[in-house]
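Data block below; observations after.
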Amino acid sequence: MPTKATKRSPRVKPGQREEETLRVLISHQRIRERVRHMAEEIRRDFPNEPIHLVGVLKGSVLFLADLARELGGEVSFDFISVSSYGNGMDSTGEVKMNKDLDVSIEGRSVLVVEDILDTGLTLKYLLVLFEERKPKHLRVAVLLDKVERRIADVKADYTGFVIPNEFVVGYGLDYDERYRNLPDVCVVRLGPRGKTKIEA
Ligand code: PRP
């Protein structure tokens, strides 16, 4: 059942506005189990190697933190920040770097960690950028994959969940910078008619 945002409701989520309803799409328990399995899969592929995690700010932060703990072995991490341009939901494909990595990835086994793969334009930009820097291995882990939105020809090596084309928040993902701290991944709906943000 959607959570109705009223002042009296004890089920209102932190940061929730009155006109917004949230529906849990993937519970934190399912996320935890899936992240554990993804970590096992990654460690099977790189059993004795140091793995250098590259998180794409800001959405990947919670996923990266949990994945890093599940991976075990030698793990380091770094972060990059990029913005893609467009009018809200629609990207023009232009990506701008706000913050580069702190250390070189040359010769390292690099795992790019993303919260969501949508059009794929951000990931495409990052993969071209990182390949030029000559890592030993370059792999991608995404928690959520909106396959039907794909424009760029990219795919992740490790995927948590394939999801429908709905506006999702929580577990790192935001709506106007809110909801990143929700433990579950939720669908946001706006307004009395319950339209999703992407329909609005
Ligand atoms: C999200 C996500 C990816 C990108 C995916 O970041 O973290 O980086 O969008 O979209 P694409 O596949 O269409 O390129 P966002 O720009 O929302 O920034 P944030 O992580 O700081 O919230």
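The values are calculated or read from the model by the stated rules, or taken from the named source; none is laboratory data. Owing to the predicted nature of the structure, the values given are computational and were not obtained by experimental measurement. Cβ coordinates were reconstructed from backbone atoms using ideal geometry, including for glycine residues, and neighbour counts include every protein chain displayed. We work out accessible area using only protein heavy atoms, side chains counted, and drop any ligands, DNA or RNA first. Shrake-Rupley method; radii C 1.70, N 1.55, O 1.52, S 1.80 Å.
Key figures for this structure:
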| quantity | calculated |
| --- | --- |
| Placed amide H near Leu53: partners under 5 Å, 5+ positions off or other chain | Ser76, Phe77, Asp78, Leu111 |
| Helix-only [θ]222 nm of the chain, DSSP H runs n ≥ 4, -39500 (n - 2.57) each, per residue, nearest 500 | -6500 deg cm²/dmol |
| For Lys136, residues with placed amide H under 5 Å, excluding near neighbours | Gly107, Arg108, Ser109, Val110 |
| Area accessible to solvent at Asp66, 1.4 Å probe radius, in Å² | 40 Å² |
| With every protein chain in place, the chain: carbon and sulfur % of accessible area (1.4 Å) | 48 percent |
| Length added when fully stretched, His137-Glu40, from 0.36 nm per residue minus Cα-Cα | 33.2 nm |
| Relative contact order (percent, whole number), the chain, Cα cutoff 8 Å, 6+ residue spacing | 22 percent |
| GluC sites (Glu not before Pro) lying in DSSP loop within segment 118-197, provided at most 10 other Cβ fall within 10 Å | Glu132, Glu177 |
| Estimated inter-spin distance, Lys58 and Arg30, nm [label 7 Å along Cα→Cβ] | 2.6 nm |
| Within the chain, percent of DSSP bridges classed antiparallel, to nearest 5 | 45 percent |
| Nearest 10 degrees, 0 to 90: helix 61-71 Cα axis against the chain principal axis | 50 degrees |
| Violating pairs (Cα-Cα greater than 29 angstrom) within the set Lys96/Lys134; Lys13/Lys124; Lys99/Lys146; Lys96/Lys146 | Lys13/Lys124 |
